[in-house]
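First comes the structure, then the notes that go with it.
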Amino acid sequence: MNKTLSLKQEIAYAAGMIGWSTMTNIIIVMLPFFYLPPSNSGLPTLVPQLVFLGAFNILSIIAASGRLVDAIFDPFIASRSDASENPNGRRMPFMKWAILPAMIFCGLVFYPIQKGESLHNAWWLTITLCLFFVSVTTYIIPYNALLAEVTNTPRQKVKLSSYQQVGFVIGIIFSACTNNFADLVQNHFNVADRSESVQIAIWGLCVLSGLAMLMPIFFIKEKEFSVAKPTHVPLWPAIKNTFKNSNFKYYLISDFAFYTALSIISSGLLFFCTVLLGLPESEGGKFMGAMVLASLLFYPLVTLGSAKIGKKPFVLLGFGVLCLIFVTIFFLGKLPFGPYTQIYLLVLSASFPLAALGILPTAILADIAQKDTIKTGENHEGMFFAVKYLFVKLGQTLGIAIFAMLTIYGKDPGNDFGLRLNGVVGFALCLIALLVFSRFKEEK
């Protein structure tokens, strides 16, 4: 049996998640707000609000095109990683070379060519988004495949998934606090232009992310922990093999619906705060922080409870609570409480789903991949995670696209129906996730 990670190495592994989570969530949280801001934000609109076929605006098409390139690249990098015979391991060498390009292109996404509304900005955004997604995918796919290889038991998988999820939500907090960091830049460095202060804050977060992504590479020697052998199944048959697993299909559909819904919340958070509730944009980071801290209280319950009664009941309960949260979003600003009470009610309710749906799905997928390896004799964990993250990214893209599309129907104070429609769409998505995952067969 291969060695077990020490606590220091588990934390180093989770630090990698902080890095790429911060950068990917900066894209989700800040992209709509930076390029198509609400009228009360103090930021200029940077791309035209052109509408195609009555529903698709230009920002939704750009987001979709970037992810489409990424989606095509996902299985390729997974196949290359699974088949790698590098003496330093199958995963770490890919991760190492991906960090610097991911940092650079994440920052450049928020450096439009012109400071006003322009189609040139749309083209620039499309190119930089594509290059960022390809770079960060080269890190993410091998990173996640590593989890199945450096853990020996289901309990270890849940434990490492828990640390990984803490890293993920820390990344969400950092990205949600972008405007808070921009406030610090404006106040302490005398930067008068709001757009420039946001750009400086994002560059700082990119550098921090890159340093965090180096931690697993510095502290974990892959060959000491992973005994997996390169697999030589060709790319397309390897992809098809994952879909032969019925449990994986149920997992995939529900995961896709969940990440689409989560992306809607992340894209809309600053709009929900400033437009529906009339709160300052800098409050968004505080609310996200409160949600994450509250979710940490549920980690022991989720970890210990899933070991006793199984992972499936906790996942289904998480989807059920999310359904209620999206109903609440539709009525934000109209409930008989103050705006702060409404938003804290929302984020604290979301803390349990954030814990359950953050920790357990990764551990469930690691179980699926490991059982498939035992059954087939082929170590293609990377392909399972590639297909998962292909659908995660498609879901995140669809979430941004849905949010951007619905802004056509109102995104400003007094004209907010488009923002409220996100609650209806999110409810439908979480209900689909719940119904599909109820068919998942969990082995006791």
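The values are calculated or read from the model by the stated rules, or taken from the named source; none is laboratory data. Everything numeric here is computed off the predicted structure, so don't read it as measured data. Here the Cβ is made from the backbone with ideal geometry for all residues, glycine too, and neighbour counts use every protein chain on show. In case anyone asks, the SASA skips ligands and DNA or RNA and just uses the protein heavy atoms, side chains included. Shrake-Rupley method; radii C 1.70, N 1.55, O 1.52, S 1.80 Å.
Structure notes:
- Among the listed pairs LYS8/LYS393; LYS159/LYS221; LYS157/LYS312; LYS157/LYS221; LYS3/LYS96, a Cα-Cα separation exceeding 27 Å is found for LYS8/LYS393.
- Two-decimal Rg/Rh across the range 234-443, once Rg and the Kirkwood Rh are taken from alpha-carbon atoms: 1.02
- With respect to the chain, whose longest principal axis is taken over its alpha-carbon atoms, helix 58-83 is tilted by about 10°.
- Overall, the accessible surface of the range 234-443 at a probe of 1.4 angstrom is composed of carbon and sulfur to the extent of 71 percent.
- Between LEU293 and SER246, the FRET efficiency estimated from the beta carbon spacing at R0 = 41 angstrom works out to 0.60.
- Largest-first principal axis extents, alpha carbons of the range 145-194, Å: 54, 15, 13
- P(r) tail for the chain: Cα pairs beyond 35 Å make up 25% of the total.
- The angle separating the long axis of helix 246-271 from the principal Cα axis of greatest extent in the chain is about 30 degrees.
- Remark: the chain carries 39 Å² of accessible area per residue (probe radius 1.4 Å; ligands, DNA and RNA excluded).
- With Cα atoms, 0 to 90° folded angle of helix 92-108 axis to the chain main axis: 10
- Vicinal HN-Hα couplings computed from phi for the range 183-192 (Karplus, 6.51 cos²θ - 1.76 cosθ + 1.60; Hz; Gly/Pro x): 4, 4, 4, 5, 6, 9, 10, 6, 8, 6
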